[in-house]
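Q: Before anything else, here's the structure in question.
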Amino acid sequence: MKTVAFVTYNELPDLNSDDLLAIPELRKLGIQVEPACWDDPSADWAAFDAVVLRSTWDYHKRIARFGEWLQELADVGAKVFNPLDVIRWNTDKRYLIDLHRRQVQIVPTALITRDRAADLPWILESNGWTKAVIKPAISASSHNTWISDHSTAQRDQTKFVSQLLEGDVLVQAFMQEVIREGEYSLVFFNKQFSHAVLKKPRAGDFRTQEIYGGRNTRVVPDPALIAQAQGILSVLPRPLLYARVDGVARGGQFYLMELELIEPDLGLAFSPTAPAAFASAIAQSIQRSLQDKQPAFLLTAK
């Protein structure tokens, strides 16, 4: 029997309820799952047939240590999914700029690096935005993410500068569709569409995560939106065990907000076929790793 590590963190050592749904399906395929915390010094990562990142939900708060751990995985030759170079690229949200340069339609975004002086009112005015979302380039689950608009930007400048002292920052146009219709999360296994979830924030908020009161429901997106999301994945030159493509629809066009390739909640509970599809994708990834030499990952967030 093959053994797969589902990688989590110390606040969730037994995995989240959603990922547990995949374990019986993997067992049917002769694959045993072992939970393992990413910073556990006793873990023998090379001993697993696959190391699958699932709930490393504190990585953005310990990014230097996380980077060291990724290098440790590389040093011991662990078979990691998604691939290590994809994970490294995806830790920094400037990947959105990379994708935009490759004709991917993203939510209008300005990258503000920590080494430059920046004026928040000017950023909004010069881009024609009445409202914007500000977030660290390295973050997850809306950590340190907030909203400013033309009436508060001057007052928010001090907060903005303080955030820039800690690292690079993204300023993104606020998409009203998040409030009106919701944010789509389209889930793919091995770049094939599985299912989708529509996420809506609670009244008076803009964050769609359930920890902030957001509501998630299964949705069947228009095939054109699925095709556009799949087209985003086609830009990436590597196989992907999983991908969650988050964005909004405006005028029939999909606008990418985030491409989740490290530790997304896959919403397996929202689709009766998703747990088996995820398990099958893991089995296929293990088999492919035994056969193929993967090409270099050419995109860069630097």
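The values are calculated or read from the model by the stated rules, or taken from the named source; none is laboratory data. As the structure is a prediction and not an experimental result, all values here were calculated from the model. Don't worry about glycine lacking a Cβ; one is built from the backbone with ideal geometry, like all the others, and counts go over all protein chains shown. Note: accessible area is taken over every heavy atom of the protein model, side chains too, but ligands, DNA and RNA are not part of it. Shrake-Rupley method; radii C 1.70, N 1.55, O 1.52, S 1.80 Å.
Q: State the antiparallel share, in %, of DSSP beta bridges confined to the chain, rounding to the nearest 5.
A: 75
Q: Once you have the alpha carbon radius of gyration of the chain, what is it after dividing by 2.2 N^0.38 Å, with N set to its residue count?
A: 1.00
Q: To continue, here is another question. Express the accessible area of the chain per residue in Å², computed with a 1.4 Å probe while the remaining protein chains stay in the model.
A: Numbers: 13670 Å² over 302 residues.
Result: 45 Å² of accessible area for each residue.
Q: Something else about it: How high is the FRET efficiency between Gln230 and Lys2 when r is their beta carbon distance and R₀ equals 35 Å, given to the nearest 0.05?
A: That pair, Gln230 with Lys2, gives E of 0.75.
Q: Pick out, from Ile286, Gln176, Ala269, the residue whose Cα sits farthest towards the positive end of the charge dipole of the chain, with +1 on the Cβ of Lys and Arg and -1 on the Cβ of Asp and Glu.
A: Of the options given, the answer is Gln176.
Q: For the chain, set up a GNM with springs between Cα atoms under 10 Å and report which of Ala281, Ala137, Ala74 has the largest fluctuation.
A: Result: Ala74 has the largest fluctuation of those listed.
Q: Which percent of the accessible heavy-atom area of the chain goes to carbon and sulfur, probe 1.4 angstrom?
A: Within the chain, the accessible surface is 50 percent carbon and sulfur.
Q: As a test question: what accessible area, to the nearest 10 Å², does Val80 have when a 1.4 Å probe is rolled over all protein chains in place?
A: Counting only protein heavy atoms, the figure is 10 Å².
Q: For a quick size check, give me the Cα extents of segment 60-140 along its three principal axes, largest first, whole Å.
A: If we take the Cα atoms of segment 60-140, the spans are 50, 27, 19 Å.
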